[in-house]
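Engineer: Handing you this structure, nothing more for now.
The values are calculated or read from the model by the stated rules, or taken from the named source; none is laboratory data. Remember, it's a predicted structure, so these values are computed and weren't measured experimentally. Counting neighbours? That spans all protein chains shown, and the Cβs are built from the backbone with ideal geometry, glycine included. The protein model used for the area step is the full one, side chains on, heavy atoms only, and it has no ligands, DNA or RNA in it. Shrake-Rupley method; radii C 1.70, N 1.55, O 1.52, S 1.80 Å.
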Amino acid sequence: SKAEMGHTCRGTINLATANITVEDSCNFIISNGGAQTYHLKASSEVERQRWVTALELAKAKAVKMLEESDDSGDESVSQTDKTELQNTLRILSSKVEDLSTCNDLIAKHGTALQRSLSELEALRLPPDSTDKIKQVNERATLFRITSNAMINVSLRPEGSTVGKAPTPVLSTVSSQACRDFMLLAQTHGKKWQKSLQQERDQRIRLEETLEQLAKQHNHLERAFRGATVLPASTAGTGGSGKDLCCPAKGDLSDEDDDNNEFFDAPEIFPMPDIMGHKRTGSNISGTSSDISLDEQYKHQVEDTKKEKRTRIPYKPNYSLNLWSIMKNCIGKELSKIPMPVNFNEPLSMLQRLTEDLEYHELLDRAAKCESSLEQLCYVAAFTVSSYSTTVFRTSKPFNPLLGETFELDRLEENGYRSLCEQVSHHPPAAAHHADSKNGWTLRQEIKITSKFRGKYLSIMPLGTIHCVFHSSGHHYTWKKVTTTVHNIIVGKLWIDQSGEIEIVNHKTGDKCILKFVPYSYFSRDVARKVTGEVMDPSGKVHFVLLGTWDEKMDCYKVQLGTGDNGAEARPRAHEAEDSRVLLWKRNPLPKYAENMYYFSELALTLNAPENGTAPTDSRRRPDQRLMENGRWDEANAEKQRLEEKQRLSRKRREAEAARATEDGTPYDPYKPLWFER
C-alpha cells in the first residue's frame, strides 16, 4: 500500500538519508547510519569518482522527491485538477447554503405554527379538544427539533492565503454526519487527486519501459542479423536483384528517427527474373509507376502448365515498433485490430487454408487402403501435416475480404483442385472444398477467433473438417487445435500447438485421438510432440502414432496376444521397431526460405499470377501484391483503403436490413457465390 512506501526491504538503503564517504583512491562506503553498510571498490580512481558523483546526484534527487511527497500535494495536481476540485467544493458549499436557508424557513414556520397552537390552546374549548390541541403541539415541537437536528447548518469561510481560493468549512450544529462528510471531502480531495496522478505516472513509466525494452530487443536482433549474414564477397553483383528485393526507403511508422531506419535485406545471390518478364526501372524501385496494377498483373501472369516459380522477392528488413501498435490491443479480437502489413505475409488466409493440401499424397495413399483402421492412420498423419508449415511462420496472413476467393487447379500435376471463399466478414469465416481424381473429397468451414493476451496470442479455429473417400464411402470429421504465438512483445516469436483432435469415421465408428503436447520448459519430452491411438468402435487400440507436428509421424501396430487388451499391449508397441511405419515426413524448406517468409514450395506458388482466375481471387488483391513486391508503404495505404471500403459496404447492408425490418419488407442478406450455408 501507499503507506508502506516509506519502509524498505532488507538490504536496501534509502538514498535520501544515505551517507556516502570516500575511503581511499578506489574504495567508498554507503551507509544508512545504522546496521546497513556497503563497502564498494572501483577498478580505478576515475571510476570511483564517477560512481560517487552519480550517487550524490541521485541522493539530491531523492531528497527533493521526499520533500515533494511531504508537501501538501499541490505540485502533483495540475491547474485544471485544482480548478475542478475548487468547483466541486463550491457546489457543495452552495448546496449546504440551500440547506441552511431551508432550515431557517422551517424554523420560522415551525415557530409560527407553535404560536398559533398556543393561542388555540388558551381559548376556552371542550376538554377533549384541549387534549387534541396539546397532542398536536407536542408533535409540532418534535418536528421542529428533528428538522433542526438534521439540517441546522451554517457556513463560515476560513482564512485564505494569497493565491488560494477561500476554503469552505462546514460547521454543523447537531449533524455529525454532515460535518464529517464535508471535512472528508475537503481533507482527502487533494490526496485522492494526487494518488490518481501517481497511478497515471506509473502507467506511463511502465509503457515507456516496455517500449524501451522492445526497442533494445529490436536493435539487438538487427545487430545479430547483421553479424550473421554472409560476407560481402559472396553477395550477388546483379543490381536488378537488389532493386527487386529491396524497395526504396520510406516512413512506415510515426515513431522517432531511431525507429525509422530501414535496412536492406542481405544479398545472398542475384535474383533471377522470377515473374517471367523484364521489370521496368520504375517497377523495381518501388516509386510511382505509370503501369496500373491490373496491367502489371497481366504482364506477370504465369502459365499454369509451365514450371512453377520457386522464389519470391526477399522480405525487406523494415524496423517497426511493435509495442506502439499492440499496447492498445490487449484482450481484443485480432480480426478487429487494424494492423500494418509489417506483421503480415503476402498470402491470404484462404491461401493458408489451401496449404493444408501440401501433403495431399497422404490422402491419395489412404484412398487405396483396404483396411479402415490403416486408412485412419493416414488421415491422422494428414491432419498433423497441416501444422508443419507453421513452425517458422510467425507472420499473420491477410484477412480475406468478404466474397474473396482462391482457386488452385492442380489436376494435371497432383490430381486435385481446390476452391476457397470468404463467406462471412464478422465473424470472419471461410469455406473450402477440394476434389481429387484419386478418390477423395475434402471440405471445411473455418471461423478463426483470436485473443491477444499481452505476452502471447491465442488462435482458436472453430469449424469442422470433412474428408470423404469415394470408393469406400468412409466419412471422417475432425477439428483443429489451438495455435499460440509466444513472445509477442519481447523475445523471439515462436509458435506452439496444443490440444486434442478426435478423428471419427462415421461409417465404421473407428476413432483416432491425437494429443498435441504443449511445450514445457521443465519437460524432458521432445518438443512439439504428438501422440495418437487408433481404435475400433469397441475402444480396442490397433495402432499407436508417435511423432512431432513439425517433422514426422510414425505408426506402430499393436500386437495383441492371447487375453491381451489394448491397454496392456500399448507399451509393447514402442518396443516393436520392426512394426514401425513412417507415415509422413516434412519436406525440406526451399533454399533461402528465411528470406522469403519461410514459405514452403507450395506456398511460393500460391500467389503467382495465373490465367483464368476470378476477379475476386486472392492473387488479384492489390495490397497483397504490393507487399510481395516489397512496396510496403503503398501496400499499407491500399490495405487501409480496402478495409474502409469493406466497412462502408457492411454498414450499408446493415442499414438496408434495418430499413427492411421497420417497413416489414423482405430483405435478402448477403449470400456467398460458390457455397451454400
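Engineer: For Cα pairs less than 8 Å apart in space and 6+ apart in sequence, what is the mean separation divided by the residue count of the range 19-69, i.e. the relative contact order in percent? Before the final figure, lay out the partial values.
Structural biologist: On the way: 48 pairs, mean separation 13.1, N = 51.
Taking the mean separation of contacting Cα pairs over the length of the range 19-69, I get 26 percent.
Engineer: Just to confirm, what accessible area per residue do you get for the range 19-69 at 1.4 Å probe, in whole Å²? Please report the intermediate quantities before stating the final value.
Structural biologist: Numbers: 3620 Å² over 51 residues.
For the range 19-69, the solvent-accessible area averages 71 Å² per residue.
Engineer: Whole-Hz ³J(HN,Hα) for each residue in the range 353-368, computed from phi via Karplus 6.51 cos²θ - 1.76 cosθ + 1.60 with θ = phi - 60°, x for glycine and proline: what do you get?
Structural biologist: 4, 5, 4, 4, 8, 4, 9, 4, 5, 5, 6, 4, 5, 4, 5, 8
Engineer: Using 7 Å Cα-to-Cβ label points, what is the MET460/LYS41 separation (nm, one decimal)?
Structural biologist: 5.9 nm
Engineer: Give me the net charge of LYS585's neighbourhood, meaning all other residues with Cβ under 9 Å from the Cβ of LYS585; Lys, Arg count +1, Asp, Glu -1.
Structural biologist: Surrounding charge for LYS585 is +1.
Engineer: For SER395, what is the net charge nearby, where nearby means another residue's Cβ is under 11 Å from its Cβ and Lys, Arg count +1, Asp, Glu -1?
Structural biologist: Cβ neighbours under 11 Å give a net charge of +3.
Engineer: Turning to a different aspect of this structure: Rounded to the nearest 10 Å², what accessible area does HIS39 have for a 1.4 Å probe in the complete protein model?
Structural biologist: 130 Å²
Engineer: Label HIS486 and GLU413 with points 7 Å out from Cα along Cα→Cβ: what is the distance between them in nm?
Structural biologist: 3.5 nm
Engineer: How much net charge surrounds LYS552 when only other residues with a Cβ under 13 Å from its Cβ are counted (Lys, Arg +1; Asp, Glu -1)? Numbers along the way, then the final one.
Structural biologist: On the way: positive: ARG528, LYS529, ARG580, LYS585, ARG586; negative: ASP550, GLU551, ASP554.
Summing Lys and Arg as +1 and Asp and Glu as -1 gives +2.
Engineer: Given all pairs of different Cα atoms, what value in angstroms does the Kirkwood hydrodynamic radius of the range 358-448 take?
Structural biologist: When all Cα pairs of the range 358-448 are included, the Kirkwood radius is 14.7 Å.
Engineer: With a 1.4 Å probe and all protein chains kept in place, how much accessible area does ASP554 have, in Å² rounded to the nearest 10?
Structural biologist: About 10 Å², ignoring ligands and nucleic acids.
Engineer: Still on this structure: Report relative contact order for the range 438-565 in percent, whole number only (criteria: Cα-Cα under 8 Å, sequence separation at least 6).
Structural biologist: 14 percent
Engineer: Okay, moving on. Kindly sort LYS190, LYS639, LYS479 by accessible area of their heavy atoms, largest first, with the probe set to 1.4 Å.
Structural biologist: Values: LYS190 85, LYS639 15, LYS479 110 Å².
If we order LYS190, LYS639, LYS479 from most to least accessible, we get LYS479, LYS190, LYS639.
Engineer: Another question, then. Counting only protein heavy atoms, what percent of the accessible surface of the range 445-509 is carbon or sulfur at a 1.4 Å probe?
Structural biologist: Carbon-and-sulfur percentage of accessible area, whole number: 58.
Engineer: Per residue, how much space in cubic angstrom lies within the convex hull of the C-alpha atoms of the range 19-69? Could you put the intermediate results ahead of the total?
Structural biologist: Numbers: hull volume 3.4 nm³, N = 51.
Cα convex hull per residue, to the nearest whole number: 67 Å³.
Engineer: At 7 Å along Cα-to-Cβ for each site, give me the label-to-label distance between ARG443 and LEU642 in nm.
Structural biologist: It is 2.7 nm.
Engineer: When the accessible area of the range 19-69 is split by element with a 1.4 Å probe, what percent falls to carbon and sulfur?
Structural biologist: Accessible surface attributable to carbon and sulfur in the range 19-69 totals 57 percent.
Engineer: Whole-Hz Karplus ³J(HN,Hα) for the range 197-209, in order, using 6.51 cos²θ - 1.76 cosθ + 1.60 and θ = phi - 60°, x for Gly and Pro?
Structural biologist: Once θ is set to phi - 60°, the couplings for the range 197-209 become 5, 5, 5, 4, 4, 5, 5, 4, 4, 5, 4, 5, 5 Hz.
Engineer: In the full protein assembly as shown, how much of ILE145 is accessible to a 1.4 Å probe, in Å² to the nearest 10?
Structural biologist: Spelled out: ILE145, probe radius 1.4 Å, area about 100 Å².
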